[in-house]
Amino acid sequence: QEYFKAGQAYQSALDAVGEGKLRQDISRNLAQVDLILERHEQARLNAINALSNDSHSAPVALDVKAYFRAASASYQLRDFCQCQEDLTKLLSLSDKDEDGSRLLEKLRARLKEGEDGNYNLNQLVKRVSRLQPRVDIADFTKRTIARTSKHRGRGLFAAEHIRLGELILCEKAFSATFGWKSDNRSTKTYDVRRKTFDGLPAALWMSTVQKLQQTSSQRIAEVTSLTGRYPGLGSKLVTADGVHVLDAFQIHDIIAANAFAIPTPAKRQKTEAFGLMETVVPPGTKASTIPENCALFTHASLINHSCLPNASRVFIGDAILLRATRYIPKGDEILQAYVSPTLDVKARQDRMNLIWNFTCSCALCKAETREPEDLRQRRAAVVEEADRLAHDINTHLVDASQRDGIIRRAERLHARLKATFASEIWDGLPRAGMSRVQTALAGVYRFRKEYTRCRGMIIEAFDCLGWVLKLDKAGATAREVMVPKVGYATCLVEEMVWMLATAYRMLSESKKDRVLAEQVRELARTVYIALNGVEMGIDKIDAELGYSEKSAGDPIR
């Protein structure tokens with residue numbers, strides 16, 4: 001099992017032998033070694049060179065083996081059309097070949113995923129683990145198109161209308177490394193350009209360079225066309241001695257600007273996009289400043305930033321999913337938040353300048369920058385106090401001895417928080433900092449059967465996030481119950497799911513509002529999926545909403 005030495009020996013044999021059956025045998029065996037060593041481009045070339053193209057019965061089995069190795073290499077290169085062609089030729093020689101038939105079944109699933117974007121996401125989540133952190137899926141990118149974005153360089157745009165909660169894209173990482181793997185390592189480098197020490201995910205850097213050396217020229221172009229501080233060779237393809245020349249420092253900067261930190265399997269928290277290079281102070285620096293798990297995506301990395309995004313990302317193993325957090329018309333740019341919009345504007349801008357070398361000029365950043373810093377600090381303090389109180393409300397909801405006092409404090413905090421957004425600067429912008437205390441108060445009012453106040457608080461909360469929530473009568477569809485405010489930017493937050501659950505319970509207690517209640521229930525599930533990507537964990541929401549398969553609406557792609 002010393003495959004590298006075996007590969008060297010087979011290659012030496014190829015160099016020494018002439019044409020004929022022996023050369024074909026050597027090429028076929030070398031193809032298998034290349035597959036094991038993940039040299040897939042070379043594996044396919046050697047497998048094709050092993051073909052006899054002879055109709056006699058003796059070499060048919062060997063040609064079947066060669067085609068299978070060629071097809072396997074094409075599958076790993078994610079060239080599914082070529083894989084299909086290789087398998088077609090294999091099965092024309094032996095239509096009952098079990099290995100070929102199994103690979104064909106997998107291939108058909110990948111082709112279907114790439115065509116319609118229908119994945120068994122719940123099954124994927126269940127299968128991902130530390131032992132198997134990588135998923136076997138096709139990329140679904142046909143709903144987006146890459147082109148030049150005004151003031152932002154290249155970006156991704158909607159190739160068709162995309163509704164709230166629908167899948168925008170799903171992509172498997174070009175390369176990914178995981179913190180618990182024995183070959184994963186990180187280090188610190190000194191960047192002479194910025195005179196800073198940077199944490200470097202060395203394993204991802206090495207993995208990407210090594211994979212580029214063994215992949216197709218098309219895949220190399222996809223990676224090298226991504227933007228980094230150092231242009232290097234750009235997307236120009238250079239070869240020497242029959243192999244592709246790579247600028248490792250160019251790949252270093254591409255990873256610094258484009259790679260994602262991804263969560264450990266079984267942990268569903270979202271992680272920050274890009275920015276693996278945490279600038280750190282050299283003395284006493286801890287390894288924890290460098291993300292444990294890192295991945296580079298060639299398509300999703302084109303998505304530009306906004307603190308007012310229209311897309312939300314989640315990860316399943318080494319795959320990324322993006323869903324729409326509002327209706328995206330055809331031709332609109334897909335935008336996501338590189339850093340959390342809930343951070344103070346100065347912290348956001350400092351981080352974006354440091355890592356991506358740009359200053360965000362979105363409407364939210366402009367508004368917050370115009371505010372006095374002391375006002376932002378007071379608001380942050382009130383938000384923190386209100387969040388703690390919201391937790392206390394939920395804890396003491398049934399504790400009559402403390403309930404009234406806590407609720408009165410929450411109502412006062414709600415008024416104070418609302419006053420900090422009173423400036424006309426905030427016209428047309430979401431005020432997400434109010435959501436937690438509004439959610440808690442809405443739940444209290446429903447608990448007390450104060451339905452008018454409950455309804456009013458929920459409508460106000462959605463209004464603060466840029467949405468019009470219609471709780472007076474049912475719409476033609478569930479999506480008509482919640483629509484963006486004209487001229488307003490919108491925001492989607494997890495508290496909306498719980499507010500919709502509260503609205504459902506309130507409406508379901510009235511016979512005349514049953515249809516509206518069902519639409520609110522469906523809307524809660526749509527918002528949940530838009531934020532979480534998959535339905536895993538939705539059972540807790542379903543319990544709150546009394547959901548059953550019989551009452552399910554149309555599935556969300």
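The values are calculated or read from the model by the stated rules, or taken from the named source; none is laboratory data. On a predicted model such as this, the values are computed, not experimentally measured, just so you know. Here Cβ is always computed from backbone atoms with ideal geometry, including for glycine, and neighbour counts include all displayed protein chains. For the accessible areas, the whole protein counts, side chains as well, though only heavy atoms, and no ligand, DNA or RNA atoms are used. Shrake-Rupley method; radii C 1.70, N 1.55, O 1.52, S 1.80 Å.
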- Item | All positions within the range 1-12 that are without any contact (Cβ under 8 Å) to a residue 24 or more places away in the chain and farther than 20 Å from Val243 by Cα | Gln1, Glu2
- Message: Which condition from (1) buried (at least 21 other Cβ atoms within 10 Å of the Cβ); (2) touching a residue at least 24 places away in the same chain (Cβ under 8 Å); (3) assigned to a helix (DSSP H, G or I) is the one that Gly114 breaks?
- Response: (1)
- Count, please, the residues in the range 28-45 that happen to be open to solvent by less than 40 Å² (accessible area, probe 1.4 Å) and either free of Cβ contacts under 8 Å to residues at least 24 places away in the same chain or hydrophobic (A, V, I, L, M, F, W, C) (or both). 5
- Message: Pairs please, first residue from the range 517-536 and at positive phi, second anywhere and among the hydrophobic types (A, V, I, L, M, F, W, C) and open to solvent by 10 Å² or more (accessible area, probe 1.4 Å), Cβ atoms under 8 Å, 6+ apart in sequence or on different chains.
- Response: Gly533/Leu121; Gly533/Val314
- Item | Criterion (under 13 Å from the mean Cα position of the chain (by Cα) and either at pLDDT below 90 or over 20 Å from Glu495 (Cβ atoms) (or both)) met by exactly one of Ala311, Ala300 | Ala300
- Message: For the range 61-111, which positions are buried (at least 18 other Cβ atoms within 10 Å of the Cβ) and either acidic (Asp, Glu) or in contact with a strand residue (DSSP E or B) (Cβ under 7 Å, 6 or more places away or on another chain) (or both)?
- Response: Asp63, Asp79, Asp86, Asp97
- Message: Please verify whether Thr395 is of a type in the set (S, T, N, Q), under 27 Å from the mean Cα position of the chain (by Cα), exposed (fewer than 13 other Cβ atoms within 10 Å of the Cβ) and modelled with pLDDT under 90, treating the condition exactly as stated.
- Response: no
- Message: Quick check on the range 306-316: of everything there that is open to solvent by 10 Å² or more (accessible area, probe 1.4 Å) and touching a helix residue (DSSP H, G or I) at 6+ places or on another chain (Cβ under 8 Å), which residue is farthest from Cys362 (Cα to Cα)?
- Response: Val314
- Query: Which one of the conditions (1) part of a helix (DSSP H, G or I); (2) of a type in the set (Ser, Thr, Tyr); (3) modelled with pLDDT under 90 does Tyr547 fail to meet, given that it meets all the rest?
  - Reply: (1)
- What is the number of the single condition among (1) assigned to a helix (DSSP H, G or I); (2) of a type outside the set (Val, Ile, Thr); (3) more than 30 Å from Phe157 (Cβ to Cβ) that Phe421 does not meet? (1)
- Assuming Leu276 fulfils every condition listed in (1) assigned to a loop (DSSP other than H, G, I, E, B); (2) at pLDDT 65 or above; (3) surrounded by 15 or more Cβ atoms within 10 Å (Cβ to Cβ); (4) of a type outside the set (Lys, Arg) apart from one, which condition is it? (2)
- Is it the case that the range 446-457 has a residue that's surrounded by 23 or more Cβ atoms within 10 Å (Cβ to Cβ), in a helix (DSSP H, G or I) and either without any contact (Cβ under 8 Å) to a residue 40 or more places away in the chain or of a type in the set (Asp, Glu) (or both)? yes
- Query: Is it true that some residue in the range 479-493 is of a type in the set (Asp, Glu), open to solvent by 10 Å² or more (accessible area, probe 1.4 Å) and within 24 Å of the chain's Cα centre (by Cα)?
  - Reply: no
- Query: So which pairs qualify, if the first residue must be in the range 417-434 and among the hydroxyl-bearing types (Ser, Thr, Tyr), the second must be not in a loop (DSSP other than H, G, I, E, B), the Cβ gap must be under 6 Å, and the two must be at least 6 apart or on different chains?
  - Reply: Thr420/Arg379
- Message: Considering only residues that are within 17 Å of Lys150 (Cα to Cα) and outside any strand (DSSP E or B), which ones fall in the range 330-344?
- Response: Lys330, Gly331, Asp332, Ile334
- Of all residues in the range 147-174, which are at pLDDT below 95 and in a strand (DSSP E or B)? Arg147, Thr148, Ser149, Gly153, Arg154, Gly155
- Counting just the residues of the range 160-213 that are surrounded by fewer than 17 Cβ atoms within 10 Å (Cβ to Cβ) and among the hydroxyl-bearing types (Ser, Thr, Tyr), which one comes out farthest from Gln336 (Cα to Cα)? Ser182
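For the range 214-240, how many residues are open to solvent by 50 Å² or more (accessible area, probe 1.4 Å), of a type outside the set (Val, Ile, Thr), in a loop (DSSP other than H, G, I, E, B) and touching a residue at least 40 places away in the same chain (Cβ under 8 Å)?
Residues in the range 214-240 being open to solvent by 50 Å² or more (accessible area, probe 1.4 Å), of a type outside the set (Val, Ile, Thr), in a loop (DSSP other than H, G, I, E, B) and touching a residue at least 40 places away in the same chain (Cβ under 8 Å): 2 in total.
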- Query: Filtering the range 345-370 down to residues that are assigned to a loop (DSSP other than H, G, I, E, B) and either farther than 24 Å from Leu226 by Cβ or among the hydrophobic types (A, V, I, L, M, F, W, C) (or both), which residue is most open to solvent (accessible area, probe 1.4 Å)?
  - Reply: Phe358
